[in-house]
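Have a look at the structure below, then the notes.
The values are calculated or read from the model by the stated rules, or taken from the named source; none is laboratory data. Given the structure is predicted, the values throughout are model-derived calculations rather than measurements. Here the Cβ positions follow ideal geometry from the backbone for every residue, glycine too, while neighbour counts run over all protein chains shown.
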Amino acid sequence: MTQLARRWSLTSIGTVMLGATALSGPAFAQAQDRGGFDLHRHFAQNFTPDHRGGGGGGGSGGGSTGGGSTTQQSIDPGPRGGDRGAGGAYPGLSQGELAFFTASTDVFNEVDAVANGLGPRFNMTGCGGCHAHPAVGGSSPPTNPQVAAATEMGGKNTVPSFITANGPIREARFVRNPDGTPDGGVHALFVITGRSDAPGCNITQPNFAAAVAANNVIFRIPTPVFGAGLVEAVPDSGLQATFTASAQQRRSLGISGSFNHSGNDGTITRFGWKAQNKSLLIFAGEAYNVEQGVTNDAFPNERENDPNCQFNNLPESTTNLTDTTNGASPAAGFSQDIIDFAAFMRMLAPPTPASSSTAAAQSASGTQVAAATADTAIAAAASSTSSTSPTSTSTNSSTSTTSTSSTASVSRGQQVFKNIGCQACHAVNQTTGKAAMTGASNMTFQPYSDFALHDMGTGLADNVSQGNANGRQFRSAPLWGVGQRLFFLHDGRTSKIDVAIQQHASQGSEANGVISNYNQLGLTDRQSLVAFLRSL
Amino acid sequence: MRRLLLLVSVVVATSLANWLGWRYGAVIWPYGTVVSPMPVPEDGKVLGGIYVNDYFDLSYPLPQGWTEGLAGPDPSDAGYYVLSSLVPQSEQNAAIMIVAQDMFFASKSHGNIAEMVHDFRQAMSEVDGMMIDREPTEVKVADRLFYRVDFSGVGLYRATFTTESRCHAVSFNLTARDPELLADLALSVDKLSSARKQDAGSPVPYCIENYAVPENLLRRVEPTPVGPKFMPIPVRIIVDTEGSVKHVHVIRATPEQRKSIEDALRQWKFKPYGLNGRAVEIETGLMFRFTVAEK
């Protein structure tokens, strides 16, 4: 990224972060021309609470079929409304850290063009476009910005069948090479061919239609990065202690699990769907090159080497020799983008769960999180297939009664979560060790993950190996913030939590015992569990 | 000439059969007949409405109207097995899961099964809303000592029956939506019996922890490091009365790692294990972890 562009982007932060109006379609704010460079834009964050009852319309199905039932009526009322409770700085940061976070947030939200390093192949034009919901650092937003990104600036891309306007943001991986050997790598959706800033480039997209027809493509959606600094700060011994503490319950449920490890130093890796990335810096560096095509000091080489599509010196993002923030945050100003991305993620606060009472009030005012009886819950869910209408079966006059019931339901759901064995993998607590970030040392927090790999069976298998993770293993997805998530599971195949729960069961899955317990529960307890999850 | 060809054929066939037996742990009878492969824990299966596991010597008739459910995961790198999942054919109101934990590789070491069961009872009592309905109790089933613990919460009633077999904790985990159904399932455990045939061959090897240590080894060949690094790879071996490795069971590894370890271990030579003045066959465990670069 050029220093000029960076300078421009920082001066625009006030406009973007404080005054942007959410746009329909691709959620970016076109910046004013500053310093003669007019391609640099930022993803704006939608400050309007989202009340998408019933999720975002679901994906077009993963590359594999699930083992759970998807035919029964959903008991998930959809994402929780109200305050997003996410996207801000970790509380208690020093003044310098806060400035670093603020400036890094701006860099995270930048939209790249070819002159900044975009392409030759890419999935999206900026971090903030994918990590967007319910706030910057999250996951797929309601409207998939990849659809618009395909043809921005004259791009000639065909939008693959598995990318839809209301579906999840996805990257695609091919399972096998044409000769049958394992592939597993990301095949970027789009190329810069046709864009006005890429004259002469004429590469083509992969043949996704053929890959879909051959059942040779799997998908991944963006992982939220809220609270990632705390996750990074948990020592390996802490992860192992939490893992060992659940050994007895796991053993009674058919759950084993193991950690992924760095092939370099043998320590536990913990970021990404398969816990394949060691650190936030590696996570950022890989994504910058793989998702956007921007080479950097961690991943300095282009993945596409067609000489007609090389427009920049490499690496395209590198250390700045002057402070591009004009003193606002020299740490951010001198750093290359991936350092800023990592700093943003590291200092990004964990998502704030709704308290039981808050969840109840929000459910009564927006979508209904929980209901007093199973029947009313089903009625609420049944009438919430439209994503925007409030569907509570209660009226304003009965809000108090419903709130009390909902509070009880969330509380009961928490008990169900622990009793049937969800917590055996989605471990509630982790504790940091000594951390460089102010206020992050020796903190117990609630990610709802053991950060270990578990065999998820044939239903969720993507047949892609990463590090020690085989084609059926995935990291226990952290559940914090799941109450506001729109798409679930690694490929975003569903927008319903209860469907996602059922999909945990299939041949060979470690979760079969827990899902068996779930299916033996009464409907009210299942509804309570969903209410609890939507409170997170 | 024809007689010579016949003789060569017999020698080659016999050698091949014996090599296969040595390689895969099969029992070889005269004339090269492979009778049966040596059982391993994960080999158990439901046949004719009965769950049979030769390794653990278990035969368990399924309750009336029950069938196999979804299979569990592969054996873990901590020596944990989901042996079978059993479910009613009609309503999803109960389940049985048969599991085993290799005591050599458990994440937390327990001196004996009773200690492990008490630890389990303690862990369950600490789960929010969980009640212990029956403290760990000794029960005798099919001449085996089991420890039973009952517990319940959120409308699910559960019981575990745990016994020791070949240095494994083998558990029957029962879950039901009502206590009466759980009681019926508990009665079904009484129908457990031995899976061994009366004319079974050699006796079960003695189970000896930590026998694969330098003072007991006469020859050790290191496996070639292959596959992902830093993965724990648990292995069980059977050492015969001559100190040779008779059988190798790599519990969890990639195929390349499995082959590398098997090839190396078959070249190991131990001091024979002595018991009451005579050498006996033993079973022990060891853990590999490749930490150097793949060759």
Checklist entry - Taking the stated definitions as given, is A:ASP462 more than 14 Å from chain B (Cβ to nearest Cβ), at pLDDT 95 or above and under 21 Å from A:HIS133 (Cβ atoms)? => result no
Checklist entry - Restricting attention to the range B:63-72, does a residue exist that is more than 24 Å from B:TYR157 (Cβ to Cβ) and modelled with pLDDT of 95 or more? => result yes
Item to check | Any hit, the range B:24-37, residues being modelled with pLDDT of 60 or more and surrounded by 14 or more Cβ atoms within 10 Å (Cβ to Cβ) | outcome: yes
Item to check | Odd one out for A:ALA284, checked against (1) touching a helix residue (DSSP H, G or I) at 6+ places or on another chain (Cβ under 6 Å); (2) surrounded by fewer than 18 Cβ atoms within 10 Å (Cβ to Cβ) | outcome: (2)
Next on the checklist: Tell me which strands (runs of 3 or more DSSP E) are completely within the range B:54-137 and hold 2 or more residues being at the interface with another protein chain (Cβ under 8 Å from one of its Cβ atoms) and small (Gly, Ala, Ser), or say none if there are none.
Outcome noted: B:94-102
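Inspect the range A:118-139 for any residue being touching a helix residue (DSSP H, G or I) at 6+ places or on another chain (Cβ under 6 Å), touching a residue at least 40 places away in the same chain (Cβ under 8 Å), not in a loop (DSSP other than H, G, I, E, B) and not acidic (Asp, Glu) and give the result as yes or no. Spell out how you get there, then give the answer.
As a first pass, look at the range A:118-139 and keep what is touching a helix residue (DSSP H, G or I) at 6+ places or on another chain (Cβ under 6 Å): A:120, A:123-125, A:127-128, A:134, A:136.
Still in the running and touching a residue at least 40 places away in the same chain (Cβ under 8 Å): A:120, A:123-125, A:127-128, A:134, A:136.
Okay, now just the ones that are also not in a loop (DSSP other than H, G, I, E, B), so A:127-128.
Now restrict to residues that are not acidic (Asp, Glu): A:127-128.
Yes, the range A:118-139 has at least one match.
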Item to check | For A:ALA99: the one exception among (1) within 17 Å of the chain's Cα centre (by Cα); (2) at pLDDT 95 or above | outcome: (1)
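Is there a residue being in contact with a Gly (Cβ under 9 Å, 6 or more places away or on another chain) and either among the charged types (D, E, K, R) or within 14 Å of chain B (Cβ to nearest Cβ) (or both) anywhere in the range A:433-444?
Kept after step one, since they are in contact with a Gly (Cβ under 9 Å, 6 or more places away or on another chain), are these residues of the range A:433-444: A:433, A:435, A:437-442.
From the residues that got through so far, the ones that are either among the charged types (D, E, K, R) or within 14 Å of chain B (Cβ to nearest Cβ) (or both) too are none.
Checked against the condition, which is being in contact with a Gly (Cβ under 9 Å, 6 or more places away or on another chain) and either among the charged types (D, E, K, R) or within 14 Å of chain B (Cβ to nearest Cβ) (or both), the range A:433-444 yields no hits at all.
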Checklist entry - From the list A:LEU533, A:LEU479, A:LEU489, which residue is more than 14 Å from chain B (Cβ to nearest Cβ), within 29 Å of B:MET231 (Cβ to Cβ) and touching a helix residue (DSSP H, G or I) at 6+ places or on another chain (Cβ under 6 Å)? => result A:LEU489
Checklist entry - Tell me, which residue of the range A:242-256 that is in contact with a strand residue (DSSP E or B) (Cβ under 8 Å, 6 or more places away or on another chain) and among the hydroxyl-bearing types (Ser, Thr, Tyr) is nearest to the other protein chains (Cβ to nearest Cβ)? => result A:SER256
